[in-house]
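**Student:** What follows is a structure written as structure tokens; I'll ask about it next.
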Amino acid sequence: MSEEIDLTGDGGVIKTILRHAKADAVAPTTDNPVVDVHYEGILAETGDVFDTTREDNTVFSFEIGTGSVIKSWDVALRTMKVGEIAKIKCKPEYGYGSAGSPPDIPPNATLVFEVELVACRPRKSSNLGSASEERARLEELKKQREIAAATKEEEKKKREEAKAAAAARIQAKLGSKKAQGKGKGKAK
């Protein structure tokens with residue numbers, strides 16, 4: 001498992017990378033501040049899931065740095081690249097604080113999020129000077145999605161290969177035990 005990274009210096013937002021992005025993956029910038037994410041939010045104390053985009057396979061979009069999400073997300077998503085999956089643990093002061101977010105999130109709750117950065121893009125109000133700039137933006141977005149899809153496909157292939165290797169090892173063990181069993185007790 002990857003090491004924990006203290007993003008705030010006070011233990012308020014801790015990031016653990018679960019899947020690294022490709023080396024050439026893009027990160028949010030001032031030109032591409034709008035991010036699309038898949039996530040699952042969990043109450044650290046109970047392990048209960050309080051929110052997720054996984055059930056309906058939707059993405060959640062927001063602009064980094066505008067205060068439209070809890071502080072921990074603004075802090076953590078700035079450090080991620082497209083295709084990366086990270087566990088983000090945040091203390092209450094970087095989440096919903098002493099008020100909580102009733103009824104799902106109690107006051108002073110420590111939260112854990114598993115977040116996948118799916119894409120980052122310019123804000124809609126950006127003045128894209130020309131059609132060629134728009135095409136370039138769409139090509140970059142397509143590239144980001146392809147990178148994320150390729151990463152997922154590689155992970156799936158690795159899992160399948162590991163399963164096949166494990167099955168072959170088990171089969172080999174069973175075969176060697178059968179071979180050892182033949183001939184026992186026949187020689188006198």
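**Student:** Taking the criterion of being of a type in the set (D, E), under 14 Å from V115 (Cβ atoms), touching a strand residue (DSSP E or B) at 6+ places or on another chain (Cβ under 8 Å) and open to solvent by 40 Å² or more (accessible area, probe 1.4 Å), would at least one residue in the stretch 44-58 satisfy it?
**Tutor:** First, pick out the residues of the stretch 44-58 that are of a type in the set (D, E): 45, 48, 51, 55-56.
Then keep just the ones that are under 14 Å from V115 (Cβ atoms); that gives 51.
Those left that are additionally touching a strand residue (DSSP E or B) at 6+ places or on another chain (Cβ under 8 Å): 51.
Applying the additional criterion that residues be open to solvent by 40 Å² or more (accessible area, probe 1.4 Å) yields 51.
Yes, the stretch 44-58 has at least one match.
**Student:** Keeping to the stretch 64-100, report how many residues are surrounded by fewer than 22 Cβ atoms within 10 Å (Cβ to Cβ), modelled with pLDDT of 95 or more and polar (S, T, N, Q).
**Tutor:** 2
**Student:** Please verify whether the stretch 62-71 includes one or more residues that are touching a Leu at 6+ places or on another chain (Cβ under 7 Å) and within 13 Å of E114 (Cβ to Cβ).
**Tutor:** The answer is no; no qualifying residue exists.
**Student:** Moving to a separate point now. Return only the number of the condition from (1) without any contact (Cβ under 8 Å) to a residue 40 or more places away in the chain; (2) under 18 Å from the mean Cα position of the chain (by Cα) that S101 does not satisfy.
**Tutor:** (2)
**Student:** Name, by its number, the condition in (1) assigned to a loop (DSSP other than H, G, I, E, B); (2) buried (at least 18 other Cβ atoms within 10 Å of the Cβ) that does not hold for D36.
**Tutor:** Going through the list (1) assigned to a loop (DSSP other than H, G, I, E, B); (2) buried (at least 18 other Cβ atoms within 10 Å of the Cβ), D36 breaks only (1).
**Student:** Here's something else I'd like to know. Inspect the stretch 109-124 for any residue being outside any helix (DSSP H, G or I), of a type in the set (V, I, T) and open to solvent by 40 Å² or more (accessible area, probe 1.4 Å) and give the result as yes or no.
**Tutor:** Yes: the stretch 109-124 contains one or more residues that are outside any helix (DSSP H, G or I), of a type in the set (V, I, T) and open to solvent by 40 Å² or more (accessible area, probe 1.4 Å).
The values are calculated or read from the model by the stated rules, or taken from the named source; none is laboratory data. These figures come from a predicted structure and were not determined experimentally. Cβ atoms come from the backbone with ideal geometry, glycine included; neighbour counts cover every protein chain shown. Note: areas computed on protein heavy atoms with side chains; ligands, DNA, RNA excluded. Shrake-Rupley method; radii C 1.70, N 1.55, O 1.52, S 1.80 Å.
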